[in-house]
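Shown next, in structure tokens, is the structure this report addresses.
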Amino acid sequence: MKSILIVFFASILFNSCKNRPADQIKSDNFELVELGDGIYGCIHKFGGKAICNVGIVDNGKETLIFDSFLSPDVTEELLNAVKEMGLSPVKYVVNSHFHNDHIRGNQVFSKDVKIISTRRTKELIEEEEPLQIAYEKENAPARLFYYDSLYNSFVGDKQSREYKQILMWRPYYETLSNSHIEVKTQLPNLFVDSLLNLNGPNRKIQLISKGEGHTPSDLIMYLPDDRILFTGDLIFNKCHPYVAHGNISKWKAWLDFMNSLEVSNLMPGHGQIGPKELIDKMKDYLLDLESSAEDLVKNNVPLEKPENFLIPDKYKDWWFDRFYEYNLRFAFESLNTKKTK
Ligand SMILES: [Zn+2]
């Protein structure tokens, strides 16, 4: 009798742990947002080490993880969350593009999990990651020291933008400082040319690539029945995007394509989940960047002076403001390249 009771209570305990609701999963690194039954966005938290946003989609048979964070430790946390919620086994990880914050969690998945990207993204990871990791080994500790000293000596308002900037960059550089020790690059091994369907009994999943945009090769995930779009870094919400690895004209074409899809909810690569209008906001940003670059050319303004890189008022409260100068410079150079062609 006693052993029957133990088995009974153990099974209750097991089942209650197995299907923990999403709102009970707590992490210092990401916020888990339920977008539908078996669909979640893991949104980077200020002060955490996730850095990018990650999507989780259970198609009823298999679970897919869209992007894999900067820190492998945070990806371990995400895998535990998938187990605790009782989702289908993880069978796929997608890398939307080659940037380090979207790929470095690849290493925590078991060998039977397929890592999906475009062929070009796989080549870029292979080429760029060794260089990037060597660069981080050399440079990240000094940046961490700088942000550590700001963090430890801060005495002002902890709700201020200034403090939040410190909270944002400190864990980023802390993670990069250890990348040469922790990161064991895992390359994608299943490729998307233009479309890959991963449909299951509960929903359709489409991985779509239209090539160059934010980087030389980008990939998005679309759930047509659920009207949910995971955009990778083709969309940032209230954050300056990083433009200088991509192609502004082709990026705008990507946004036009996304606008042609039926979308109710959209998870950007960085920033909060939002409505379809985020697509237009990103396009406006690129158009504004181009017109600012055109003004510089028209008025013969030298690029050397920092005052020529003032952020327009409408983007003053966006995060990652340090990217603006690189972006405007890149838009300026793209304009000149177009002219000389
Ligand atoms: Zn990126």
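Along the charge dipole of the chain, Cβ charges K/R +1 and D/E -1, which of Trp318, Leu176, Leu328 sits furthest on the positive end?
Of Trp318, Leu176, Leu328, it is Leu176.
Lys204: net charge of surrounding residues, Cβ under 9 Å, Lys/Arg +1, Asp/Glu -1, itself excluded?
The answer is -1.
Reported to two decimal places, what Rg/Rh ratio describes the chain when computed on Cα atoms with Rh from the Kirkwood expression?
Radius of gyration relative to Kirkwood radius: 1.00.
I need the phi-derived Karplus couplings for the stretch 22-39: 6.51 cos²θ - 1.76 cosθ + 1.60, θ = phi - 60°, integer Hz, Gly and Pro marked x.
Per residue, the Karplus-derived 3J(HN,Hα) values read 4, 6, 9, 8, 10, 9, 7, 9, 8, 9, 8, 10, 7, 9, x, 5, x, 10 Hz.
Hey, rough spin-label estimate for Asn152 and Asp28, points 7 angstrom out along Cα→Cβ, what's it come to in nanometres?
Label at Asn152, label at Asp28, 1.7 nm between them.
Note down the magnitude of the dipole of the chain about its Cα centre, charges +1 on Lys and Arg C-beta and -1 on Asp and Glu C-beta and zero elsewhere, to the nearest 20 debye.
With Lys and Arg at +1 and Asp and Glu at -1, about 500 debye.
Taking the beta-carbon count within 10 Å as an exposure proxy, list Thr337, Thr63 from fewest neighbours to most.
Thr337, Thr63
Pick out the long, greasy-scoring helices in the chain: whole DSSP H runs spanning 15 Å or more along their own axis by Cα, mean Kyte-Doolittle at least 0.0.
Span-like helices, by this rule, are 2-18.
Can you tell me the length gained on complete extension of the stretch Arg227 to Leu131, counting 0.36 nm per residue apart and subtracting the Cα distance?
So the chain would gain 30.7 nm between Arg227 and Leu131.
Arrange the peptides 231-241, 293-303 so that the one whose residues have, on average, the most other Cβ atoms within 10 Å appears first.
Sorting 231-241, 293-303 by mean packing, highest first, produces 231-241, 293-303.
For the stretch 142-245, would you read off the P(r) tail past 23 Å as a percentage of all alpha carbon pairs?
Looking at the stretch 142-245, the distances longer than 23 Å represent 55 percent of pairs.
Taking the Cα centre of the stretch 130-238 as the origin, how large is its charge dipole in debye, to the nearest 20, when only Lys and Arg (+1) and Asp and Glu (-1) carry charge on their Cβ atoms?
Approximately 260 debye in magnitude.
For the stretch 68-155, state the average projected area of the convex hull of the C-alpha atoms over all orientations, rounded to one decimal in nm².
With the hull built on Cα positions only, its mean projection is 7.9 nm².
For the chain, build the charge dipole from Cβ charges (+1 Lys, Arg; -1 Asp, Glu) around the Cα centre, then report which of Pro89, Leu195, Leu303 sits farthest towards its positive end.
Sorting the options by dipole projection puts first Pro89.
Counting only Cα, what are the radius of gyration and maximum Cα-Cα distance Dmax of the stretch 212-271, in Å?
So, for the stretch 212-271, Rg and Dmax equal 11.2, 34 Å respectively.
All of the numbers you see were taken from the coordinates with simple rules; none came from a lab. These numbers come from a predicted model, not from an experiment. Using ideal geometry, Cβ is built from the backbone for each residue, glycine included, and neighbour counts are taken over all protein chains shown.
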